[in-house]
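The values are calculated or read from the model by the stated rules, or taken from the named source; none is laboratory data. Model, not experiment: these values are computed from the prediction. Here the Cβ is made from the backbone with ideal geometry for all residues, glycine too, and neighbour counts use every protein chain on show. To get the accessible areas, we keep the full protein, side chains included, count just its heavy atoms, and leave off ligands, DNA and RNA. Shrake-Rupley method; radii C 1.70, N 1.55, O 1.52, S 1.80 Å.
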Amino acid sequence: MSRHLLVTGGAGFIGSNFVHHVLTHTDDTITVLDKLTYAGDGTSLKGLLEDRVQLVVADVADAATVGPLVAEADAVIHFAAESHNDNSLHDPTPFLQANLVGTFTLLEAARKHGTRFHHISTDEVYGDLPLDDPVRFTETTPYNPSSPYSATKAGSDLLVRAWVRSFGVAATISNCSNNYGPRQHVEKFIPRQITNLIDGIRPRLYGAGQNVRDWIHVDDHSSAVLAILDRGTIGETYLIGADGEKSNQQVVELILTMMGREGTDYDHVADRAGHDLRYAIDATRLRTELGWQPVFRDFETGLGATIDWYRDNESWWRPQKAATEAKYAQAGQ
Ligand code: NAD
Ligand code: DAU
């Protein structure tokens, strides 16, 4: 049976890929609610079926707009957030507003209208792991966020849990690891290095480059969210990851060689303040309880397709590139 979904942040990286995924794999219709901040791009939804997707440009913290949209939806999938750690170190203010007040506003509407709610969160709420110990995050790892960004995401998760327990809101939460794939803003690590190389600029590694991230293709994130929406237990948290641990240095070397350059052709730049060392997800619950499996098991294949996407879609990322690099230059990065 087809549903009507309210997808917040659906003009951003993961949200727009989720919209494409839902259109391909279900008969659902979608309203995207997105403020179109610097990170949102209406062209990411261009060409999609108008009878199945509509875009409402507004703030998730605007209760008057949010109320009727939540009332008419069968489920809310809440992606909208300020998402970049480096930005949160320069100015945390929009992170508190979007990630905390925005989530609160949507939860209040879901409570009022009895609407199913799925909250998209991050593995960063758990803090970081040591480099020399194979331990991974699970659903019971204590919260210990490091940056203003991850602290606001942790706070938003706790709001969801409180609204489930105190008000009976029918919500689930997922905490996913680092996503890669098409339509990711050029401020983020992988697109920044690919587009630097297209522009003849050497890739930039923060600090020693030994920090580890657990990479998952964005389409696998989407299929996991759909599985939770369809079969998840209300009130539960699911970790999403695809066993993709790589150091930043390994990723940069791979991008360089896949783009025909020497693997050593990169520069070390100033480290991020409070830089988390390692993230790693144990997704056993998602795999065993919900039967989810990632499709992209080979990072190199997914990375190659991502490099091709940025080569083929320069008109999508070019308008953001110069301003993004100017900001990094100011920070010595
Ligand atoms: P993004 O920055 O690419 O997109 C965020 C979207 O939210 C943009 O379209 C933006 O316009 C919109 N938005 C921001 N503030 C808004 C507001 N106040 N009202 C309405 N819309 C607003 O982010 P992303 O990387 O696609 O991340 C999406 C979600 O997934 C976030 O909640 C993030 O915390 C989470 N997440 C991201 C990753 C990752 O690797 N990128 C991993 C795990 C979880
Ligand atoms: O783990 C999930 C998180 O992944 C999400 O919650 C965030 O929204 C998302 O932005 C991402 O956070 P990171 O901080 O891990 O991603 P970022 O792309 O900013 O950086 C990845 C790693 O690469 C990190 O260790 C910092 C490093 N880095 C980043 C940039 C931009 C570099 O070495 N050089 C760079 O130029």
Cα gyration tensor shape of region 24-114, rounded if a/c is under 1.5, else prolate or oblate by comparing a/b with b/c: oblate
Separation between Cα centres of region 1-30 and region 137-182, rounded to whole Å: 21 Å
Measure up 46/153; 46/112; 46/327; 112/153; 153/188 against 26 Å on the Cα-Cα distance and list the ones that go over. 46/153; 46/112; 46/327
Using only the Cα atoms of region 241-296, build the gyration tensor, take square roots of its eigenvalues as a ≥ b ≥ c, and label the shape rounded, prolate or oblate: rounded if a/c is under 1.5, else prolate if a/b is larger than b/c, else oblate. oblate
About its Cα centre, the chain carries a charge dipole, from +1 on Lys and Arg Cβ atoms and -1 on Asp and Glu Cβ atoms, whose size in debye to the nearest 20 is 420 debye
The answer for the net charge of residues other than residue 39 whose Cβ lies under 10 angstrom from its Cβ, with Lys and Arg +1 and Asp and Glu -1, is -2
Can you give me the long-range amide H partners of residue 216? Hydrogens built in the peptide plane at 1.01 Å from N, cutoff under 5 Å, separation of 5 or more residues or another chain. 178, 179, 180
Which cross-chain or sequence-distant (5 or more) residues have an amide H under 5 Å from the amide H of residue 122, H modelled 1.01 Å from N in plane? 176
For the chain, the per residue accessible area (1.4 Å probe, Å²) is 41 Å²
Taking R0 as 41 Å, what's the FRET efficiency between residue 162 and residue 261 from their Cβ-Cβ distance, rounded to 0.05? 0.25
Work out the FRET efficiency for residue 132 and residue 273 from their Cβ-Cβ distance, taking R0 = 22 Å, and round it to the nearest 0.05. 0.45
If you place +1 on the Cβ of every Lys and Arg, -1 on the Cβ of every Asp and Glu, and leave all else neutral, what size is the dipole of region 188-319 about its Cα centre, to the nearest 20 Debye? 260 debye
As an exercise, identify the GluC sites (Glu not before Pro) in region 1-108 lying in DSSP coil whose Cβ has no more than 11 other Cβ atoms within 10 Å. 50
Most to least packed among 137-144, 27-34 [average Cβ atoms within 10 Å]: 27-34, 137-144
